[in-house]
1. Residue check: is residue A:59 in contact (Cβ under 8 Å) with a residue 12 or more places away in the chain, within 19 Å of residue A:140 (Cβ to Cβ) and buried (at least 17 other Cβ atoms within 10 Å of the Cβ)?
2. Among the candidates B:127, B:151, single out the residue that is in contact with a helix residue (DSSP H, G or I) (Cβ under 9 Å, 6 or more places away or on another chain) and modelled with pLDDT of 95 or more.
3. Residues to consider are B:86, B:98, B:94; find the one that is touching a residue at least 40 places away in the same chain (Cβ under 8 Å) and either out of contact with any Pro (no Cβ under 7 Å at 6 or more places or on another chain) or surrounded by fewer than 17 Cβ atoms within 10 Å (Cβ to Cβ) (or both).
4. Return the residue satisfying two criteria in turn: it lies in region B:9-34 and is touching a Ser or Thr at 6+ places or on another chain (Cβ under 9 Å) and at pLDDT below 90, and of such residues it is nearest to residue B:93 (Cα to Cα).
5. Looking at the structure I just gave you, is residue A:51 surrounded by 13 or more Cβ atoms within 10 Å (Cβ to Cβ) and within 13 Å of chain B (Cβ to nearest Cβ)?
6. Whether any residue in region A:134-144 is surrounded by fewer than 19 Cβ atoms within 10 Å (Cβ to Cβ) and not small (Gly, Ala, Ser) is what I want to check.
7. If I go through region A:136-160 residue by residue, how many of them are assigned to a helix (DSSP H, G or I) and at the interface with chain B (Cβ under 7 Å from one of its Cβ atoms)?
8. So, residue B:76, is that one under 21 Å from residue A:86 (Cβ atoms), aromatic (Phe, Trp, Tyr) and buried (at least 16 other Cβ atoms within 10 Å of the Cβ) or not?
2 protein chains.
Amino acid sequence: MLDEHGLPGFTMEAVARRAGASKATLYRHWPTSGALMVDAMDATFEPFPVPDTGHVQTDVAQLLTAFVALLEETPFPRLLAAFIDAAERDPTLATLHADLTRRRREPILVALTRAREGGQLPSHLDPELATDLLTSPLFYRRFIAHQPIPPSLVNDVVARVLGAWR
Amino acid sequence: MLDEHGLPGFTMEAVARRAGASKATLYRHWPTSGALMVDAMDATFEPFPVPDTGHVQTDVAQLLTAFVALLEETPFPRLLAAFIDAAERDPTLATLHADLTRRRREPILVALTRAREGGQLPSHLDPELATDLLTSPLFYRRFIAHQPIPPSLVNDVVARVLGAWR
């Protein structure tokens, strides 16, 4: 329902009808449509395993490329878009979305921290800021600028961002 | 209505009722709720004038700081959030949102291009990619990570991104 109709069509009644279940059954599993939304979002996202090619640029590029593929398939981006609007008026959803975002960032943070400890990246590199700079252009293109994400963009972003602390 | 209730509450009927006007009057000015949404969005955003302090870092930091203030006030961010969800299922809205984004980017592109021509930035700097890297972390923090934007973030982002082409 979120994928096809966005937030306006995502009511417990519409979901129950589509599932061929009663509203009472739905409410037994999820007390609110927000709780159902969080579980739907969670089901579309598996954290990526952290690659270990020995080259941090390659590891990070592989993680970002996998993320671009996720952004180009439904239902993940449509659920994320609905979440963005819903979180504006529901602080619980905003907190849950912040948690999901933290889990999604984790593999990149691990790759950067490992490379910093191994001397592949300078010790003054800030992994959190670098992760912001690496991932945010992908969200921005997909949801704000509505521009395609060419395959070269990932390599350009990785080269510039990891080079920014040299 | 968008600010208070998001996309689910943004119907021509609800807007007419709130405005104390008839639906017929509303439809005379805007053929669809999408057209009304675009005008509402447009009304919350004035392009910033391009500062010219003689230091590109300062010019860009001023533009980003003004943008952070816009993200921290309603109604702009709530309208943007509703737009993000609506654009998923309405290609016309996606195109219009892409146009608004281009207008919003323009002052930063102007500041970067001017500094590149004046020799303050290296000639191989890509102003479009630099603008993506400068602006996208702000959207990301506000709408995806749901984290505050500390004042130091703008200066950190400007220093790292403009330094990435050295």
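The values are calculated or read from the model by the stated rules, or taken from the named source; none is laboratory data. Note that the coordinates shown come from a computational prediction; the quantities given were computed from them, not determined experimentally. Neighbour counts are summed over all protein chains in view; Cβ atoms, including those assigned to glycine, are modelled from backbone coordinates with ideal geometry.
1. The answer is no for residue A:59.
2. Details: B:151 fails: modelled with pLDDT of 95 or more.
It is B:127.
3. When all the criteria are applied, what remains is B:86.
4. Going through the qualifying residues, I end up with B:34.
5. For residue A:51, the condition - surrounded by 13 or more Cβ atoms within 10 Å (Cβ to Cβ) and within 13 Å of chain B (Cβ to nearest Cβ) - is not met.
6. The answer is no, given that none of the residues of region A:134-144 is surrounded by fewer than 19 Cβ atoms within 10 Å (Cβ to Cβ) and not small (Gly, Ala, Ser).
7. 9
8. Details: under 21 Å from residue A:86 (Cβ atoms): yes; aromatic (Phe, Trp, Tyr): yes; buried (at least 16 other Cβ atoms within 10 Å of the Cβ): yes.
So residue B:76 fits the description; yes.
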